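Novice: There's a structure below that I have some questions on.
The values are calculated or read from the model by the stated rules, or taken from the named source; none is laboratory data. The structure presented is a predicted model; accordingly, all values stated were derived computationally and were not measured. Methodologically, a virtual Cβ is constructed for each residue, glycine included, from the backbone with ideal geometry; neighbour enumeration extends over all protein chains shown. SASA here: full protein model, heavy atoms, side chains in, ligands and nucleic acids out. Shrake-Rupley method; radii C 1.70, N 1.55, O 1.52, S 1.80 Å.
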Amino acid sequence: MTAQITAGVIALVLAGAILYMVRRDHLHGSYALWWLAVAAATLALGVFPPVIDWLGRLTGISYAPVLPIIVGIGMILMRMLKMDIDRSRRERQLRRLTQRLALLEQDLRELRAATQAAPRDDAPELPRAAGRR
Amino acid sequence: MPAFRRQPRLLAVIPARNEAGTVAEVIHGVRAAVGADVLVVSDASDDATAEQARQAGAVVIELPWRLGAWGATQTGMRYALRRGYRRVLTLDADGQHHPQELPALLAEQRRTRSNVVIGTCSERLSAAKRIAWRYFHLLTGIGVQDFTSGLRVYDRRAVRVLAGKAASLLDYQDLGVLMLLRKNGLSLHETPARMSPRRQGGSRVFSSWRMVMRYMLHTTVLCFAQFASSPRRRTPRAAPAALAP
């Protein structure tokens with residue numbers, strides 16, 4: 001009985017923390033959905049452990065408690081893979097954005113030099129070049 | 001130099017990180033040798049590299065933070081593409097590549113009509129590099145000996161490929177670049193060129209055994225990734241007509 005209370009408390013705390021974070025809008029759309037699903041699954045398995053035994057019988061695994069661990073680790077690995085893919089994509093975007101910024105800065109420098117060389121009345125007032133960095 | 005004005009426009013891209021001591025000399029050398037426009041991409045240098053380069057008459061693009069040697073070079077590729085340059089030549093800012101070698105390199109590109117020409121210094125190849133070359137040759141079938149050489153000429157097709165997104169996650173101007181070019185059906189050609197030992201700093205890649213191992217592992221993974229993906233030929237074969245000298 002005590003074991004069930006422990007499991008229930010852990011599940012409640014985890015699900016509560018996730019729900020709180022989603023409510024606080026700390027997570028972006030699809031991530032929030034994923035974590036809500038995790039919270040629901042944790043809560044269901046933690047509060048009703050017989051579900052695990054039932055799943056064990058269903059899948060033919062003799063030692064049922066290992067099932068959520070295996071599934072959990074599998075999902076964590078998948079998640080990590082997805083994270084690294086996202087990070088690579090970000091890295092690519094960041095590098096290209098950095099290059100673009102530097103290229104536009106050069107365009108601006110040339111434009112500024114051109115307008116200063118031939119000042120016209122209708123030329124827009126360009127802000128003075130602030131410190132380089 | 002009126003003889004060069006009639007040639008398709010050429011841009012010399014010099015990636016530089018803290019090379020204030022040598023960059024001006026290199027710029028003057030390049031202008032004297034081939035009369036090209038010179039672009040220095042300062043990879044977030046902490047010293048006076050950018051000022052020195054501007055004073056020497058180069059266009060200078062300053063990256064706000066470090067992107068690495070290839071990130072800086074690619075910035076130059078993107079600049080060249082935006083401004084309509086027909087050919088890009090790259091060389092290092094530390095003075096190891098002699099500007100006097102450039103006319104021969106450009107002539108070689110014109111003669112062989114290859115998309116990329118790589119200047120190689122065979123005397124300078126260290127034992128580690130030779131072993132690495134054998135290994136990567138086995139792995140990729142790319143026969144370029146000095147695959148880390150920064151002395152190269154690219155035509156517009158090659159520049160277009162290298163300015164693209166697919167090249168943005170590369171770290172060095174080396175095998176990754178060559179594999180990408182080959183995958184896009186571009187031709188590589190290697191030609192000998194004299195080089196002097198680096199005056200300041202050593203090779204970024206072949207500095208220590210740990211770095212070499214890291215590099216080998218990294219590039220092996222890259223080879224695997226390139227090998228596993230099917231070759232794409234996005235650029236139509238008709239393009240060379242516009243590139244003929």
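Novice: For the stretch A:65-119, enumerate the residues that are more than 31 Å from the chain's Cα centre (by Cα) and more than 11 Å from chain B (Cβ to nearest Cβ).
Specialist: Our first condition is that a residue be more than 31 Å from the chain's Cα centre (by Cα); within the stretch A:65-119, this holds for A:105-119.
Result: A:Leu108, A:Leu111, A:Arg112, A:Ala113, A:Ala114, A:Thr115, A:Gln116, A:Ala117, A:Ala118, A:Pro119.
Novice: Please state which one of B:Leu105, B:Leu89, B:Leu139 is within 20 Å of B:Lys183 (Cα to Cα) and either within 17 Å of the chain's Cα centre (by Cα) or part of a helix (DSSP H, G or I) (or both).
Specialist: Going through B:Leu105, B:Leu89, B:Leu139 in turn, just one is within 20 Å of B:Lys183 (Cα to Cα) and either within 17 Å of the chain's Cα centre (by Cα) or part of a helix (DSSP H, G or I) (or both): B:Leu139.
Novice: Does at least one position in the stretch B:66-75 carry a residue that is in a loop (DSSP other than H, G, I, E, B) and either touching a Pro at 6+ places or on another chain (Cβ under 8 Å) or not basic (Lys, Arg) (or both)? Reasoning before the result, please.
Specialist: Quick first cut of the stretch B:66-75, residues in a loop (DSSP other than H, G, I, E, B) only: B:66-67.
Narrowing the set further to residues that are either touching a Pro at 6+ places or on another chain (Cβ under 8 Å) or not basic (Lys, Arg) (or both) leaves B:67.
Checked against the condition, which is being in a loop (DSSP other than H, G, I, E, B) and either touching a Pro at 6+ places or on another chain (Cβ under 8 Å) or not basic (Lys, Arg) (or both), the stretch B:66-75 yields at least one hit.
Novice: Okay, moving on. Residues being part of a loop (DSSP other than H, G, I, E, B) and at pLDDT 60 or above: count how many of those fall in the stretch B:206-236.
Specialist: Residues meeting the conditions: 3.
Novice: When you look at B:Arg82, is it open to solvent by 10 Å² or more (accessible area, probe 1.4 Å), closer than 19 Å to B:Leu151 by Cα and at the interface with another protein chain (Cβ under 9 Å from one of its Cβ atoms), yes or no?
Specialist: So B:Arg82 fails the test.
Novice: If a residue has to be under 26 Å from B:Ala33 (Cα atoms) and in a helix (DSSP H, G or I) to count, how many in the stretch B:108-136 make the cut?
Specialist: Total satisfying the criteria: 8.
Novice: Then there's this: Going through A:Ala37, A:Ala41, A:Ala15, A:Ala7 one at a time, which residue ends up being under 17 Å from A:Gly72 (Cβ atoms), touching a residue at least 12 places away in the same chain (Cβ under 8 Å) and under 21 Å from the mean Cα position of the chain (by Cα)?
Specialist: A:Ala15
Novice: Give the stretch B:5-27 a look and list any residue that's in contact (Cβ under 8 Å) with a residue 40 or more places away in the chain and assigned to a helix (DSSP H, G or I), or say none.
Specialist: Correct list: B:Val23, B:Glu25, B:Val26.
Novice: Filter the stretch B:163-186 down to the residues that are within 14 Å of chain A (Cβ to nearest Cβ), charged (D, E, K, R) and not in a helix (DSSP H, G or I) and list them by number.
Specialist: Within the stretch B:163-186, B:Asp171 is the sole residue that qualifies.
Novice: Within the stretch B:11-30, is even one residue among the charged types (D, E, K, R), touching a Lys or Arg at 6+ places or on another chain (Cβ under 6 Å), surrounded by fewer than 24 Cβ atoms within 10 Å (Cβ to Cβ) and away from chain A (no Cβ under 14 Å)?
Specialist: Checking the stretch B:11-30: not a single residue is among the charged types (D, E, K, R), touching a Lys or Arg at 6+ places or on another chain (Cβ under 6 Å), surrounded by fewer than 24 Cβ atoms within 10 Å (Cβ to Cβ) and away from chain A (no Cβ under 14 Å).
Novice: If B:Ala56 satisfies all but one of (1) over 14 Å from B:Leu10 (Cβ atoms); (2) touching a Lys or Arg at 6+ places or on another chain (Cβ under 7 Å); (3) away from chain A (no Cβ under 14 Å), what's the number of the condition it fails?
Specialist: Of everything listed in (1) over 14 Å from B:Leu10 (Cβ atoms); (2) touching a Lys or Arg at 6+ places or on another chain (Cβ under 7 Å); (3) away from chain A (no Cβ under 14 Å), B:Ala56 misses just condition (2).
Novice: What's the number of the condition B:Ala158 fails, among (1) in a helix (DSSP H, G or I); (2) modelled with pLDDT of 80 or more; (3) open to solvent by 50 Å² or more (accessible area, probe 1.4 Å)?
Specialist: So B:Ala158 meets the others, but not (3).
Novice: If I ask for residues that are closer than 21 Å to A:Ile69 by Cα and open to solvent by 50 Å² or more (accessible area, probe 1.4 Å), which ones from the stretch A:18-40 would you list?
Specialist: A:Trp34, A:Trp35, A:Leu36, A:Ala37, A:Ala40
Novice: If you check every pair at least six apart or on different chains, which have Cβ atoms under 8 Å apart with a residue in the stretch B:134-149 that is closer than 19 Å to B:Arg124 by Cβ first and a residue that is charged (D, E, K, R) and outside any helix (DSSP H, G or I) second?
Specialist: As it stands, the answer is B:Gly143/B:Glu190; B:Val144/B:Glu190; B:Gln145/B:Glu190; B:Asp146/B:Glu190; B:Phe147/B:Asp174; B:Thr148/B:Asp174, since those pairs meet every condition given.
Novice: Just for the stretch A:51-76: of the residues that are at negative phi and in a loop (DSSP other than H, G, I, E, B), which one is least open to solvent (accessible area, probe 1.4 Å)?
Specialist: Among residues in the stretch A:51-76 that are at negative phi and in a loop (DSSP other than H, G, I, E, B), the one least open to solvent (accessible area, probe 1.4 Å) is A:Ala64.
Novice: Would you check if there is a residue in the stretch B:44-59 being hydroxyl-bearing (Ser, Thr, Tyr) and assigned to a loop (DSSP other than H, G, I, E, B)?
Specialist: Yes, there is a match, as at least one residue in the stretch B:44-59 is hydroxyl-bearing (Ser, Thr, Tyr) and assigned to a loop (DSSP other than H, G, I, E, B).
Novice: Looking only at residues in the stretch B:41-77 that are of a type in the set (D, E, K, R) and open to solvent by less than 30 Å² (accessible area, probe 1.4 Å), which one is farthest from B:Ala167 (Cα to Cα)? Quick ask: steps written out before the conclusion?
Specialist: Step one: of the stretch B:41-77, the residues of a type in the set (D, E, K, R) are B:43, B:46-47, B:51, B:54, B:62, B:66.
Restricting the remaining residues to those that are open to solvent by less than 30 Å² (accessible area, probe 1.4 Å) gives B:43, B:62.
Numbers: B:Asp43: 17, B:Glu62: 20 Å.
Among residues in the stretch B:41-77 that are of a type in the set (D, E, K, R) and open to solvent by less than 30 Å² (accessible area, probe 1.4 Å), the one farthest from B:Ala167 (Cα to Cα) is B:Glu62.
Novice: Scan A:Gln99, A:Gln106 and give me the residue that is at pLDDT 85 or above, touching a strand residue (DSSP E or B) at 6+ places or on another chain (Cβ under 8 Å) and either among the small types (Gly, Ala, Ser) or surrounded by 10 or more Cβ atoms within 10 Å (Cβ to Cβ) (or both).
Specialist: A:Gln106
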